[in-house]
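Scroll down for the structure; my scribbles are underneath it.
The values are calculated or read from the model by the stated rules, or taken from the named source; none is laboratory data. Quick caveat: nothing in here was measured; it's all calculated off a predicted structure. Cβ atoms come from the backbone with ideal geometry, glycine included; neighbour counts cover every protein chain shown. The protein model used for the area step is the full one, side chains on, heavy atoms only, and it has no ligands, DNA or RNA in it. Shrake-Rupley method; radii C 1.70, N 1.55, O 1.52, S 1.80 Å.
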Amino acid sequence: MNLETYAENTWCKGCGNFGLLNSFKDAVNELVEEGALKAENMVISSGIGCHGKTVDYLNLNSFYSLHGRAISCVSGMKIANPNLTVVAFQGDGDAFGEGIAHVIFSAKRNMDAMLLVHDNMVYGLTTGQFTPTSDKGFKGKSTPRGSIEEPMNPLALVLASGGTFVARGFVGKRKHLVGLFKKALLHKGFSFVNVLQPCVTFNNTYSHFRENTYILEDEGHDPADFQAAWDKALETERIPIGLFYQVEKPTFTDLLLEDLVPAERRKPPSTAISEIISER
Amino acid sequence: MVQDLLTVIVGGEAGHGVKKSGNVISILMNELGRYVFEMDDYPSLIRGGHNFSVVSSSTSPVYSHYMSADIIVCLDKRSVDMHKDRLKDGGSLVYNADTVTLDPGTGLPMKTWIKDIKGIPLMAGTIGVAAVSALCGVEFSFLERIFKANYPRGLEANVELARMVYERMKDDEGKFELATAETRPGHLLAGNEAIALGAAAAGLDVYIAYPMTPASSVLHYLADLSKKLGMAVVHPETEIAVINMALGSAYAGARTAVGSSGGGFALMHEAFSLAGMSETPLMVILASRPGPSTGVPTYTCQGDLDFALNVGHGEFPRIVLSPSGTNQAFEKAAELLNLVWKFQVPGILLTEKHLGESWMTTSIDPESVEITEPSLYDGPLEQYGRYEKTDSGISPMLFPPVKGTVVKASSYEHDQKGITTEEAEKVVEMQEKRYRKEKAIREEMRNLLTVATYGEGSKSLVTYGSTTLSALEAVKNVDDVRVVQVIFLRPFPDWALQEALSGSDVIVAELSISGQFENLLRSKGFDVSAHIRQYDGRAFDPPELAARIREATQ
Ligand SMILES: Cc1ncc(C[n+]2csc(CCOP(=O)(O)OP(=O)(O)O)c2C)c(N)n1
Ligand code: SF4
Ligand SMILES: [Mg+2]
């Protein structure tokens, strides 16, 4: 399947976003080939930042949304038409700064949507300020003497908020990342994949992550075990990547809509309305 | 003497069932064949404080409530202090004899009676309803029937209390001989209910909102009716989530609306502008209360006109309209939903607490509402572009899933396919495409009721929104003044207003300290010879407004 568009790619050479984009394409292509996913049923959305350009680079239905709001945007799509497969691409500043409330609540309500965060621990597009996940001491343009805040832990945040699929990937481990994306796309409920995505221009973390990440699946982690997932999420010495936690729960739209597909309903309920009025 | 116009005030603490008794009095009057306007006055708290309901009714339409009353029922002492001066000559004051002694007036030992029958404090309201009913000479069996329908819980206790009231007030029974009619003149609806039903009739599929007075009742009403109406109703974490979800929902093809008051809508601005840029149809219900900031949450005002007209960064067409009463609210809510889908723009239904939370006698016909389908693409799919250039500026829509093409919407400036662009020529192309829709909307408005004229007179009292209701009631007692209501506020229907005014003297009445509406009229080239303003959070009292009109036209 051709997922290319004619948009000119403007990411820096060597940017981690390439690996992320290609892994996502591979995941979609493989799922389509396997008959597990229909590309026309997919709608993607993004926030604003370097990560946002992803929607221009993918020949899929899309809504290029606002800084921090992509997960809300796709949640609305899902409410309108629960048959869609929706994915939000957000940045770390975008998802954990500007739009953090929506991340917490999407997890809380088990919105059947995938949230993929391009976590480069920096604001790329606005040329290098610290983000919620930047290390303490990070020297960015707005923190020239080093960030004085501790970084936030996105995996623990989403686990604590009720996320039903919580994963971390690294663009330097492409095959593994494709596997995570495929699982996340197929997960029924809120699936969160935080992707370690080095920004070669403002925060080059390639070698750090190459040296310090390890794959959970290699060490027999059980993603059904919440406590184990929690412990792994708090690990900082070595950085685990892989599927931390997955559980099946009813989704928000299952419970809200039952059989209703709002986007397909066209006949106005004029008799129902007449009835409502006549009771008054 | 048979009396036509009758005003009743019921006052008490929150928790006394004041609003409920106002509602039941309205229902009683409506059942007697009378038109009703009920205004509920309540502060922003849950217990204590002072609530009161005003019910004005007549056998001809009553457009707004009066603040001087024929009957005042005081369920607590504070109500007596607050309202006794509003009693008209020959009126009746009924009070709670357990908390005050008064002369003249009818004291009823409300607390004692409720205790005697092991009732609850809410039943004070029931006593109030029964007192009004007795004073108006309503047959007990008739009242019993009303109680059956409206107090299904604790019915027996309520009927027993009513019997005690009738017994005690025997001498005053039928003091007010009311004009009645055989049939009910319409149904009792609050403005927000009429707005909600109007949108529903025009095919609203999804309603998303975060609670904020005085818009919350739209959310409550639709949430309650969602199964019956086949609608998805959602209350998310913030107003920012509300509007961003709504845009996703509309993108996917569901007719979607959001609602809030000033503060909540302020949080939606960034995404309102996104609706403009992405050309996503969106209906916003903006229910005003006095600001700035948290302001006076449960009262009415028209200080948000400039805000509604100018919200959103950047330039893009949008529609702002404001209905007067429930009938028009129903029609215009349906019309706005159709218009935003026809032109793929955001639109605001601007209203105030005075319409949204007041009950009015309403006659509407859901069958009369037609659904305008958006322009849908039927060309070769491989050529589809979400933002295709057209003469009208309206690009045909598609909703995923569609096999054979993709639908790409964007907040960035984009080309016809929806891919980001910063090229000057393409920026111009899209700016102009969007702007052409403004012209198309103006064209369309020529076929719609954009300005309404009521009555005759050589002078025009110009209003918008629910102040029109106060004006209509006021001019019943003023000579030679007609009411002209500007319904569409953006685009501004200058042609229709010119025709309506036809050179007459213009007096502007509005609930604003700075005169935003007057300034709007002036900016459109209309002369204003006098203005009447009020900004105390209350709607105009018709006799007071009448006096100010007379003064202004002398
Ligand atoms: C409401 C709002 N505030 C600020 C901006 C400016 N802005 C654009 S991108 C960005 C930060 C992006 O950082 P991140 O989300 O981490 O994305 P990255 O560029 O790193 O992919 C900011 C602050 C904006 N577009 N909208
Ligand atoms: S600034 Fe960083 S994140 Fe943005 S494209 Fe360049 S390398 Fe990638
Ligand atoms: Mg970033």
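For this structure, a couple of remarks:
- Counted residues, the stretch B:67-99 - those being open to solvent by 20 Å² or more (accessible area, probe 1.4 Å) and in a loop (DSSP other than H, G, I, E, B): 5
- Every test in (1) of a type in the set (Ser, Thr, Tyr); (2) within 14 Å of another protein chain (Cβ to nearest Cβ); (3) within 16 Å of ligand 1 (Cβ to nearest atom) is passed by A:THR131 save one, and that test is (2).
- Condition check for A:TYR123: more than 16 Å from ligand 3 (Cβ to nearest atom) and among the hydroxyl-bearing types (Ser, Thr, Tyr): no
- Restricted to the stretch A:257-280, and to residues there that are closer than 26 Å to A:LEU116 by Cβ and out of contact with any helix residue (DSSP H, G or I) (no Cβ under 7 Å at 6 or more places or on another chain), the residue that is least open to solvent (accessible area, probe 1.4 Å) is A:LEU257.
- Residue match in the stretch A:171-179 (condition: surrounded by 20 or more Cβ atoms within 10 Å (Cβ to Cβ), in contact with a Gly (Cβ under 7 Å, 6 or more places away or on another chain) and in a loop (DSSP other than H, G, I, E, B)): yes
- Criterion violated by B:PRO43 - all others in (1) crowded, with 24+ Cβ neighbours inside 10 Å; (2) in contact with a strand residue (DSSP E or B) (Cβ under 7 Å, 6 or more places away or on another chain) satisfied: (1)
- Residues that are crowded, with 22+ Cβ neighbours inside 10 Å, in a strand (DSSP E or B) and not hydroxyl-bearing (Ser, Thr, Tyr) within the stretch B:460-494 comprise B:LEU461, B:VAL462, B:VAL481, B:VAL483, B:VAL484, B:GLN485, B:VAL486, B:PHE488, listed in sequence order.
- Subset tally (residues that are open to solvent by 40 Å² or more (accessible area, probe 1.4 Å) and either within 12 Å of chain A (Cβ to nearest Cβ) or under 34 Å from the mean Cα position of the chain (by Cα) (or both)) for the stretch B:429-439: 3
- Looking only at the stretch A:45-73, and only at residues there that are of a type in the set (A, V, I, L, M, F, W, C) and within 24 Å of A:THR133 (Cα to Cα), the one that is nearest to ligand 3 (Cβ to nearest atom): A:CYS50
- Only residues that are of a type in the set (Asp, Glu) and more than 16 Å from ligand 2 (Cβ to nearest atom) were counted in the stretch A:70-127, giving 2.
- Single condition B:ARG153 does not satisfy, out of (1) in contact (Cβ under 8 Å) with a residue 12 or more places away in the chain; (2) open to solvent by 10 Å² or more (accessible area, probe 1.4 Å); (3) not in a helix (DSSP H, G or I): (1)
- Per the conditions (1) assigned to a strand (DSSP E or B); (2) closer than 25 Å to B:GLU315 by Cα; (3) of a type outside the set (A, V, I, L, M), the sole criterion not satisfied by B:ASN519 is (1).
- Filter result for B:GLU31 (closer than 23 Å to B:ASP172 by Cβ and open to solvent by 30 Å² or more (accessible area, probe 1.4 Å)): yes
- Residues in the stretch A:37-66 that are open to solvent by 20 Å² or more (accessible area, probe 1.4 Å) and within 13 Å of ligand 1 (Cβ to nearest atom) were compared, and the one that is farthest from the other protein chains (Cβ to nearest Cβ) is A:CYS50.
- Which numbered condition B:GLY291 fails, given (1) surrounded by fewer than 24 Cβ atoms within 10 Å (Cβ to Cβ); (2) closer than 23 Å to B:PRO491 by Cα: (2)
- For A:GLU34, the conditions (1) farther than 19 Å from A:THR133 by Cα; (2) open to solvent by less than 10 Å² (accessible area, probe 1.4 Å) all hold with the exception of (2).
- Residues of the stretch B:113-143 that turn out to be open to solvent by less than 60 Å² (accessible area, probe 1.4 Å) and either of a type in the set (A, V, I, L, M) or part of a helix (DSSP H, G or I) (or both), as a count: 20
- The one condition in (1) farther than 30 Å from B:ALA181 by Cα; (2) in a helix (DSSP H, G or I) that B:LEU102 fails to fulfil: (2)
- Residues in the stretch A:258-271 that are under 40 Å from the mean Cα position of the chain (by Cα) and either at the interface with chain B (Cβ under 7 Å from one of its Cβ atoms) or among the basic types (Lys, Arg) (or both): A:LEU260, A:PRO262, A:ALA263, A:ARG265, A:ARG266, A:LYS267, A:PRO268, A:PRO269.
Conditions (1) outside the structural domain of B:GLY418 (by TED's automatic domain parsing); (2) hydroxyl-bearing (Ser, Thr, Tyr); (3) touching a Cys at 6+ places or on another chain (Cβ under 8 Å), marked per residue:
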{"site": "B:GLU193", "(1), (2), (3)": "yes, no, no"}
{"site": "B:THR213", "(1), (2), (3)": "yes, yes, no"}
{"site": "B:SER216", "(1), (2), (3)": "yes, yes, no"}
{"site": "B:ASN244", "(1), (2), (3)": "yes, no, yes"}
{"site": "B:GLY248", "(1), (2), (3)": "yes, no, yes"}
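- Leading residue by the ranking (nearest to the other protein chains (Cβ to nearest Cβ)) among those in the stretch A:98-123 that are over 18 Å from A:ALA167 (Cβ atoms) and touching a residue at least 60 places away in the same chain (Cβ under 8 Å): A:ARG109
- In the stretch A:5-20, of all residues being away from ligand 1 (no atom under 12 Å from the Cβ) and away from chain B (no Cβ under 12 Å), the one that is nearest to B:SER410 (Cα to Cα) corresponds to A:PHE18.
- The stretch A:72-97 - residue that is more than 7 Å from chain B (Cβ to nearest Cβ) and over 19 Å from A:GLN197 (Cα atoms) and, of those, most open to solvent (accessible area, probe 1.4 Å): A:ASN83
- The stretch A:213-235 residues that are on the phi < 0 side of the Ramachandran plot and in contact (Cβ under 8 Å) with a residue 12 or more places away in the chain, paired with ones that are in a helix (DSSP H, G or I) and charged (D, E, K, R) (beta carbon under 8 Å, 6 or more apart): A:LEU216/A:LYS232; A:HIS221/A:LYS232
- Enumeration of residues in the stretch B:391-428 that are open to solvent by less than 50 Å² (accessible area, probe 1.4 Å) and more than 14 Å from chain A (Cβ to nearest Cβ): B:SER392, B:GLY393, B:ILE394, B:SER395, B:PRO396, B:VAL427
- Residue check for A:GLY162: more than 16 Å from ligand 3 (Cβ to nearest atom), closer than 22 Å to A:THR85 by Cα and without any contact (Cβ under 8 Å) to a residue 60 or more places away in the chain: yes
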